[in-house]
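**Q** Have a look at this one before I ask anything.
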Amino acid sequence: MSEQKMPMIGIPRAMLYYRYGPLWERFFQVLGVSTLLSPPSSRGILEAGARLAPDESCLSLKMLMGHVETLIGRCNCIFIPRYSNYGYTELFCTRYEGIYDQARNIFRSSGQRFITCNIDAQNGFPEAKAFEQFGVELGFTAKESRRAWREASRALEQRKKAEDRSQKELAGKPGIKVLAAGHSYILSDPYLGKPILDNLDAAGVVTLRADALEPETARKACARFSPTCRWIVSEEIVGGVLLWKEKADGIILVSAFPCGPDSMTNELLIRRIRGVPILTLVLDAQSGMAGIETRIESFLDIIRFQKGAMV
Ligand code: SF4
């Protein structure tokens with residue numbers, strides 16, 4: 001690819017970035033394309049996103065639009081991939097499919113260019129082929145794009161293995177353990193879920209995460225529990241809860257308002273898991289940490305009481 005064709009690609013640090021970030025970044029890096037990541041989430045970014053996104057959007061989508069806004073005019077194009085499915089029984093939340101078109105529509109008067117990569121195995125574009133096609137659209141050869149994809153998927157696999165290892169180490173530590181379950185883009189977001197994890201940390205609790213598990217292992221566990229659950233990310237969260245619940249003294253389900261998949265899978269977990277206290281936290285654009293801190297404190301008191309550490 002010639003030097004003048006190389007664009008600077010903006011990547012919003014939100015939603016599926018927290019799942020596929022290492023893959024996207026490595027893909028562009030191998031191709032020699034520079035990227036610009038939006039800044040870490042903040043109240044300002046969320047407020048901007050809430051103003052821009054349609055009212056019925058979930059909190060994660062509002063956060064995404066706030067991140068997109070920070071990139072407008074600062075890069076040649078903004079990358080928003082469409083993750084539709086990995087096959088007939090492996091679907092993504094439909095909101096992931098619409099975000100590219102929504103962003104283009106919301107920012108239509110900005111003159112900003114957007115690019116996407118369509119992952120849609122049902123229609124002949126499994127991930128590898130979709131990224132090959134995407135690389136070709138960017139001006140690279142199919143061979144260059146395939147090589148970048150291979151390296152990128154290795155980077156993602158290594159990250160998942162490292163997360164899995166560190167989770168196992170954490171599970172072996174002494175003390176109260178709480179399993180946090182939610183989408184990675186909620187739990188890892190510095191403004192949304194990270195304050196909850198920091199709060200648990202400050203209370204001296206060991207926090208395990210349902211999303212820090214090799215995806216295949218988690219999905220198999222979910223399939224035994226609920227053969228009809230079809231949302232890939234939800235399957236992995238449910239599978240993570242089932243595989244780690246024995247090690248946990250309590251489970252916190254963290255979800256974004258109004259999340260369709262979570263409203264079903266959280267209900268399923270609450271009804272079917274016995275013997276472990278469960279706390280549900282639903283975050284919305286108005287959530288402050290004060291109320292959440294109080295609920296976490298009471299939840300930890302229940303756990304301590306059950307373990308005999310409080311009388
Ligand atoms: S899974 Fe839930 S939080 Fe994530 S995009 Fe879909 S509705 Fe929003």
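Rundown of residues vs (1) in contact with a Gly (Cβ under 6 Å, 6 or more places away or on another chain); (2) among the aromatic types (F, W, Y); (3) more than 16 Å from the ligand (Cβ to nearest atom); (4) closer than 23 Å to Y83 by Cα, yes/no style:
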{"position": "Y185", "(1), (2), (3), (4)": "no, yes, no, yes"}
{"position": "D201", "(1), (2), (3), (4)": "no, no, yes, no"}
{"position": "T217", "(1), (2), (3), (4)": "no, no, yes, yes"}
{"position": "K220", "(1), (2), (3), (4)": "no, no, yes, yes"}
{"position": "T228", "(1), (2), (3), (4)": "no, no, yes, yes"}
{"position": "G250", "(1), (2), (3), (4)": "no, no, yes, no"}
{"position": "V254", "(1), (2), (3), (4)": "yes, no, no, yes"}
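**Q** How many residues are over 19 Å from P215 (Cβ atoms), within 16 Å of the ligand (Cβ to nearest atom) and in contact with a helix residue (DSSP H, G or I) (Cβ under 7 Å, 6 or more places away or on another chain) if we restrict to the range 64-105?
**A** Of the residues in the range 64-105, 10 are over 19 Å from P215 (Cβ atoms), within 16 Å of the ligand (Cβ to nearest atom) and in contact with a helix residue (DSSP H, G or I) (Cβ under 7 Å, 6 or more places away or on another chain).
**Q** Give the residues of the range 223-248 that are touching a Leu at 6+ places or on another chain (Cβ under 9 Å), of a type outside the set (A, V, I, L, M) and buried (at least 19 other Cβ atoms within 10 Å of the Cβ), sorted by residue number.
**A** Hits for the range 223-248 are C229, W231, E236, G239, G240, W244, K245.
**Q** Right, here's the next one. Taking G182 as the residue in question, decide whether it is outside the structural domain of Y18 (by TED's automatic domain parsing) and surrounded by 19 or more Cβ atoms within 10 Å (Cβ to Cβ). Walk me through how you get there before you give the answer.
**A** Numbers: outside the structural domain of Y18 (by TED's automatic domain parsing): yes; surrounded by 19 or more Cβ atoms within 10 Å (Cβ to Cβ): yes.
Yes; evaluated as a whole, the condition is true for this residue.
**Q** Out of the residues in the range 261-276 that are under 16 Å from D249 (Cα atoms) and touching a residue at least 12 places away in the same chain (Cβ under 8 Å), which is nearest to the ligand (Cβ to nearest atom)? Full working, then the answer.
**A** Within the range 261-276, the subset under 16 Å from D249 (Cα atoms) is 269-270, 273-276.
Those left that are additionally touching a residue at least 12 places away in the same chain (Cβ under 8 Å): 269-270, 273, 276.
On the way: L269: 15, I270: 17, I273: 20, V276: 24 Å.
Among those residues, the one meeting the criterion is L269.
**Q** OK, next. For the range 123-141, what are the residues that are within 21 Å of C77 (Cβ to Cβ) and out of contact with any Lys or Arg (no Cβ under 6 Å at 6 or more places or on another chain)?
**A** If we filter the range 123-141 for residues that are within 21 Å of C77 (Cβ to Cβ), which is where we start, we get 125, 127, 130-141.
Correct list: F125, E127, A130, F131, Q133, F134, G135, V136, E137, L138, F140, T141.
**Q** Report whether or not L300 is touching a residue at least 24 places away in the same chain (Cβ under 8 Å) and farther than 29 Å from A155 by Cα.
**A** Working: touching a residue at least 24 places away in the same chain (Cβ under 8 Å): yes; farther than 29 Å from A155 by Cα: yes.
Yes, satisfied.
**Q** For the range 242-285, which residues satisfy the criterion of being aliphatic (A, V, I, L, M) and in a loop (DSSP other than H, G, I, E, B)?
**A** From the range 242-285, those aliphatic (A, V, I, L, M) are 242-243, 248, 251-254, 256, 264, 268-270, 273, 276, 278-279, 281-283, 285; that's our starting set.
If the condition is that a residue be aliphatic (A, V, I, L, M) and in a loop (DSSP other than H, G, I, E, B), then A248, I273, V276, A285 are the ones that fit.
**Q** So is A210 within 16 Å of the ligand (Cβ to nearest atom), farther than 22 Å from S57 by Cα, at pLDDT 90 or above and buried (at least 20 other Cβ atoms within 10 Å of the Cβ) or not?
**A** Values: within 16 Å of the ligand (Cβ to nearest atom): yes; farther than 22 Å from S57 by Cα: yes; at pLDDT 90 or above: yes; buried (at least 20 other Cβ atoms within 10 Å of the Cβ): yes.
Answer is yes for this residue.
**Q** Another question about this same structure. So, restricting to helices (runs of 4 or more DSSP H) that lie completely within the range 119-197, which ones have at least 1 residues that are within 21 Å of A248 (Cα to Cα)? Let's see the steps before the verdict.
**A** Values: elements: 127-138, 142-171, 184-187.
Filter on the range 119-197 gives 142-171, 184-187.
The values are calculated or read from the model by the stated rules, or taken from the named source; none is laboratory data. Just so you know, these numbers come straight off a predicted model, no measurement behind them. Here Cβ is always computed from backbone atoms with ideal geometry, including for glycine, and neighbour counts include all displayed protein chains.
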